[in-house]
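Notes for the one structure printed next.
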Amino acid sequence: MDWAVPKHAKKRVNWGGKMLLAEVPPFDWSAAERGEEHTGNDAHHAWAKDYFAALDIINNWRSSHNFPLNTFHIGLKRRAKIIDPKAITAQRIKRLASIEAKLRRFPTMTLSQMQDIGGCRAIVATAQGVAKLCESYAESDLKHILHETDNYIDTPKDSGYRGVHLIYRYHSDRRQDYNSLKIEMQLRSQLQHAWATAVETVGAFVRQALKSSVGEQEWLRFFALMGAALAFRENTAPVPGTPSGYSELVKEIREHAKSLEVASRLQAFGAALQYYESKQSKNTHYYLVEISLNRANRKRRPQSIWKSRKR
């Protein structure tokens, strides 16, 4: 297999990231209809040329992380299985839309500074297993350079997120093209991963970036409280800004769960996802989901790719 290698200097990569956020100049459609595409549209054409050049640069930067990511994932899987034979691991290259969203959230960040273009994850049974996995890396003789450690189990985020992030810079004498590329490894317990999955699932259905702490305050508060409850269960550090007493914590969780109709919503979301997974078809481009919290039935209508294009 031929692995992509970085083709562009970091300065050029950062330019590509800026172009991803650049405002699109207006296009004079009336001039285009008259066959005068370049009349008053020079700025738009210049932007389009730069934008597609930027996409080529960004996609090369993304693809270049595949080789070091694969290397780190293989090692992570081996170490995690020693600690927990049932451990689950996965890897991914950050999607273009996610890159754009992150650059917008952090205006001072450049694309080359982004630490999770390539990311892999291990999910082990317990928080103690996560600690052992961290120790395994701390005691290793890896040539790769540990760039940063974020321990969100010892110091949970205000959002309720918990887990450990290890960011490494790839280093090899044989594959020097990839040296200094950063790979993020996320280490989670099953409960920590269940929390994160619930946040992403609810965020997707309510169309709010709850994962990034953006959305309705009540949903954000509910998940912070749930993170705190799971921290209690795992006997780890409490989530900042949540009740220190367990009974008080449970009381507030119940209040928000009732107000948000959490049980019925999660049941409905789960039913919709199960239907999607069981009915996937190559002719189906997406699903329209109609959910009524007051009725047992949920309507799910598959839409063919041809129908979606006509909309």
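Here are a few things to note about the model shown:
- FRET E, pair residue 274, residue 141, Förster distance 41 Å, beta-carbon r, rounded to 0.05: 0.35
- The Stokes-Einstein estimate for region 66-193, based on a Kirkwood radius over Cα pairs and taken at 20 °C with 1.002 mPa s viscosity, is a diffusion coefficient of 141 µm²/s.
- Contour excess over end-to-end distance, with Cα ends at residue 97 and residue 176 and 0.36 nm allotted per residue: 25.5 nm
- With 0.36 nm allotted per residue and the present C-alpha distance subtracted, the residue 200-residue 59 stretch has 48.3 nm of extension available.
- Cα-Cα over 26 Å, subset of 102/258; 7/211; 77/143; 10/132: 102/258; 7/211; 10/132
- When the Cα positions of 163, 114, 197 are compared along the charge dipole of the chain, 197 comes out farthest toward the positive end, with charges on each C-beta of Lys, Arg, Asp and Glu.
- Residue-count net charge about residue 63 - beta-carbon cut-off 14 Å; Lys, Arg +1, Asp, Glu -1: +2
- Mean Cβ count within 10 Å, highest first, over the residues of peptides 204-215, 10-21: 10-21, 204-215
- Mean separation of Cα contacts under 8 Å, 6 or more apart, over the residue count of the chain: relative contact order %: 13 percent
- Based on the reciprocal of the average 1/r between different C-alpha atoms, the Kirkwood radius for the chain equals 22.6 Å.
- Pairwise centroid distance, computed over Cα atoms, of region 113-142 with region 203-234, Å: 23 Å
- Each Lys and Arg Cβ is given +1 and each Asp and Glu Cβ -1; about its Cα centre, the chain then shows a dipole of about 1080 debye.
- Backbone N under 18 Å from the residue 266 label point (7 Å along Cα→Cβ), restricted to region 128-168: 159-162
- Counting 0.36 nm for each residue step from residue 125 to residue 154 and taking away their Cα separation leaves a gain of 8.7 nm.
Read-outs throughout are calculated quantities, based only on the coordinates presented, and are distinct from any laboratory measurement. Bear in mind that the values here come from a model prediction, so they are computed numbers and not experimental data. Neighbour counts run over all protein chains shown; Cβ positions are idealised from the backbone, glycine included.
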